[in-house]
Amino acid sequence: MRDAPPTHVRPQLSSSDNGVTADVDVLVIGGGPAGCWAAIGAAESGASVVLVDKGYCGTTGAAASAGVGIWYIEPQEEAREQAIASREALGGWLVDRDWMHRVLDETYAQVGRLADWGYPFPIGEDGTQVRRGVQGPEYMRRLRRQVVRSRVRILDHSPALELLATPAGEVAGARGVRRQHGGEWRVGAAAVIVATGGCAFLSGGLGCDVLTGDGHLMAAELGAEFSGMEFSNAYAISPTFSSVTKTAFYRFATFYTEAGVLEGAGSQRGRSVIARALLEQPVYARLDRAPADIEDDLRRAQPNFFLPFDREGINPFTQRFPVTLRLEGTVRGTGGLRVGDEQCATTVPGLYAAGDAATRELICGGFTGGGSHNAAWAISSGTWAGRGAAVYARGQRGIAGASNVRPAGLAGLRPAGTPERSLTPATVTAAVQDEVFPYDRNYFRRADVLNGSIERLDDLWQRTRSGLLGVERGKSAADVLRAREAAAMVAHARWMYASAQERTETRGMHKRIDHPELDPGQQQRRFVGGLDEVWTALDPQAPRSALELAA
Amino acid sequence: MIELVSKSRCIRCDICIRVCPTNVFERGQDGVPVIVRQEDCQTCFMCEAWCPTDALFVAPQTEAVPADSPYRDEQELIRRDLLGSYRREIGWGKYREAGPPRDTRPAVMREPLEIGGGAALEGSR
């Protein structure tokens, strides 16, 4: 199958000493998988497209440095039904069957195109390609190439700082800084796609330190809403000294304390046993339950897993090594921007969400989408957002007047009060981390502890909003970005805990030790939003899962 | 973290400066990249993967290693066959066999690759 020739034009950039400007149909913020698929989808729909990334499109994001499973199921009714049914209970009955079918269909089609573009999928025993996973570096290198082929203009090392808005509150583009070339960038666009990933709070997980929830903050400044933010406490196992948060192979591990085997601990069913033990003492792992002849296969499936061990001279199959749990927040959690229609439009006119920046509850429910569902979601939501944004932009042509567009950024950019000397991006970030990292706050949640965090985070937000130094003070590009990242993480933590406080039950990954059971009366998704005042509300629509259909 | 840029191997192509997602490098006066913001390194190994001459080394530690660490000693890294070892694993570079076609995903791994979090499974136990 050959792709249709592109019908669109490459956007024109205007360069000056102060940076670059452009006016396009669609701006994509974020150059990970979702952003790439979105840019390709928009360009193929005839839009002129600019993609900006704060790092480099091709290496940025959680997928690039990983081995990624894809939720890819052949279009056979039985296999599809099994894949969907297996997720419903795991996700706490918050999934949507229609969306799951759509994602499986779109992922199947788009991964097929990835194969057409030449991705070298392995050949299985039956002689056909095995398309259930990709290697991150190769996947992202090829996606970037396809983005360029689609005549999308990429601005690397160009973090977005804020959205632009019309007086009516529609999105009108974004602006940011050029951290390698100096100066600023400003792109007017009728539609903007937020593909900035989830938020992992700079916890040091593999490839995740670029994921600080920047897009969430920018979208919230235009009034966007979120869903499922209580499902934000995914923790990944990693060697204590290392960034490699690839958890899959720990299914072969036995976990130990100094005293001996840590009973009940495991990577799947027993991760909370590890968390509890880590509150008291070091925990060690050894992959001593791996079948004898499997090492070569494991090395091929996920080479980066072995990097830290090979370099440290540790044999993980025979030697114990210390492990920790790193917070992966909404990267492997499922909360994010609420999507209001099948094109992944947010509640803000012209603003779309794709990938981990969007809620993945529709296909994951309240349980992690890490490793396969998130990858399928990036492909399908990216494609839909791209097409939807292109159609929306076409409808806006000739309407938009760029003259009265305003920049919408506030916290960390334009202090509302007197700048506070002791408040820096580093101190704000550390204060947020103190609230979201500890297992006895975030992994295991309870009302009184959540209340304490919420009060301190509210106070931190007020101070950040009022006094964190921003762009007007002539800071360097890196400083301004850090301030925005810090503000974004404070906002993110407040949405997480506001939702967690309201969900007085245990469901999906959200674990309330004061409400340890699943409450059938709370089988509803929860929305959250707001900056100075955080609000939450129940989704008035019940999830369309099997349990609901059967009822 | 990124610990070593080999002056002898570097061909001054600037690729690492361009591809580092956290912008840790700047071009030095002699054209060889300098690690100017090591504290921003997220230990993702991407620069190593993209370096066409196996001139970079990222230590597995998420903190900087001491100045006398073997991870900063080019000859020691070569002796231990570590320089370029990640590119060899993923099959990037001349005369190397591409990684993905060899990734046959053993049967034991065919189930959802990553099941994290834990609460739901425990709740249903």
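Of note:
- Residue that is surrounded by the fewest Cβ atoms within 10 Å (Cβ to Cβ) [pool: residues in the range A:497-519 that are within 11 Å of chain B (Cβ to nearest Cβ), not hydroxyl-bearing (Ser, Thr, Tyr) and not in a strand (DSSP E or B)]: A:Glu517
- Which numbered condition A:Ala426 misses (of (1) in contact (Cβ under 8 Å) with a residue 24 or more places away in the chain; (2) surrounded by fewer than 15 Cβ atoms within 10 Å (Cβ to Cβ); (3) in a loop (DSSP other than H, G, I, E, B); (4) of a type outside the set (S, T, N, Q)): (3)
- When A:Ala191 is tested against (1) part of a loop (DSSP other than H, G, I, E, B); (2) crowded, with 24+ Cβ neighbours inside 10 Å, just one condition goes unmet, and that condition is (1).
- A:Gly127 passes every criterion in (1) within 14 Å of chain B (Cβ to nearest Cβ); (2) more than 18 Å from A:Ala43 (Cα to Cα); (3) in contact (Cβ under 8 Å) with a residue 40 or more places away in the chain apart from (3).
- Failed item in (1) crowded, with 18+ Cβ neighbours inside 10 Å; (2) closer than 30 Å to B:Glu26 by Cα; (3) hydrophobic (A, V, I, L, M, F, W, C); (4) free of Cβ contacts under 8 Å to residues at least 24 places away in the same chain, with A:Met489 passing the rest: (4)
- Every condition in (1) closer than 15 Å to A:Tyr352 by Cα; (2) without any contact (Cβ under 8 Å) to a residue 60 or more places away in the chain holds for A:Asp209 except the one numbered (1).
- Residue within the range A:159-177 that is within 11 Å of chain B (Cβ to nearest Cβ) and surrounded by 21 or more Cβ atoms within 10 Å (Cβ to Cβ) present: yes
- Evaluating A:Trp185 against the criteria (1) in a strand (DSSP E or B); (2) surrounded by 24 or more Cβ atoms within 10 Å (Cβ to Cβ); (3) within 22 Å of the chain's Cα centre (by Cα) leaves one unmet condition, (3).
- Of the residues making up the range A:295-352, those that are in contact with a Leu (Cβ under 8 Å, 6 or more places away or on another chain) and polar (S, T, N, Q) are A:Asn304, A:Thr324, A:Thr346.
- Selection of the range A:277-309 for residues being at pLDDT 95 or above and of a type in the set (D, E, K, R) yields A:Glu280, A:Arg286.
- Scanning the range B:28-54 for residues that are facing another protein chain (nearest Cβ under 10 Å) and charged (D, E, K, R) returns B:Arg37, B:Asp40, B:Glu48.
- Considering B:Arg72, B:Arg18, the condition of being facing another protein chain (nearest Cβ under 8 Å), surrounded by fewer than 21 Cβ atoms within 10 Å (Cβ to Cβ) and more than 11 Å from the chain's Cα centre (by Cα) is satisfied by B:Arg18 alone.
- Scanning the range A:285-318 for residues that are more than 8 Å from chain B (Cβ to nearest Cβ), more than 29 Å from the chain's Cα centre (by Cα) and not aliphatic (A, V, I, L, M) yields a total of 11.
- The residue list B:Thr43, B:Thr53 contains one member that is closer than 26 Å to A:Leu481 by Cβ, of a type in the set (Val, Ile, Thr) and part of a loop (DSSP other than H, G, I, E, B), which is B:Thr43.
- Scanning the range A:205-237 for residues that are among the polar types (S, T, N, Q) and either at pLDDT below 95 or in a loop (DSSP other than H, G, I, E, B) (or both) returns A:Ser232, A:Asn233.
- Every residue from the range B:56-87 that is within 16 Å of A:Ile314 (Cβ to Cβ), assigned to a helix (DSSP H, G or I) and in contact (Cβ under 8 Å) with a residue 24 or more places away in the chain: B:Tyr71
- Of the criteria (1) under 25 Å from the mean Cα position of the chain (by Cα); (2) free of Cβ contacts under 8 Å to residues at least 24 places away in the same chain; (3) within 11 Å of chain B (Cβ to nearest Cβ), which one A:Gly340 fails: (3)
- Per-region count, the range A:402-434, residues within 22 Å of A:Met218 (Cβ to Cβ) and either modelled with pLDDT of 95 or more or of a type outside the set (S, T, N, Q) (or both): 23
- Filter result for A:Val192 (touching a residue at least 60 places away in the same chain (Cβ under 8 Å), among the aliphatic types (A, V, I, L, M) and within 14 Å of chain B (Cβ to nearest Cβ)): no
- Within the set A:Val283, A:Val273, the sole residue that is surrounded by fewer than 20 Cβ atoms within 10 Å (Cβ to Cβ), within 17 Å of A:Arg251 (Cβ to Cβ) and β-branched (Val, Ile, Thr) turns out to be A:Val273.
- The range A:243-261, residues that are part of a strand (DSSP E or B) and buried (at least 24 other Cβ atoms within 10 Å of the Cβ): A:Phe255
The values are calculated or read from the model by the stated rules, or taken from the named source; none is laboratory data. Keep in mind the model is a prediction, meaning the values are calculated, not measured. Backbone-built Cβ (ideal geometry, glycine too); neighbour counts: all protein chains shown.
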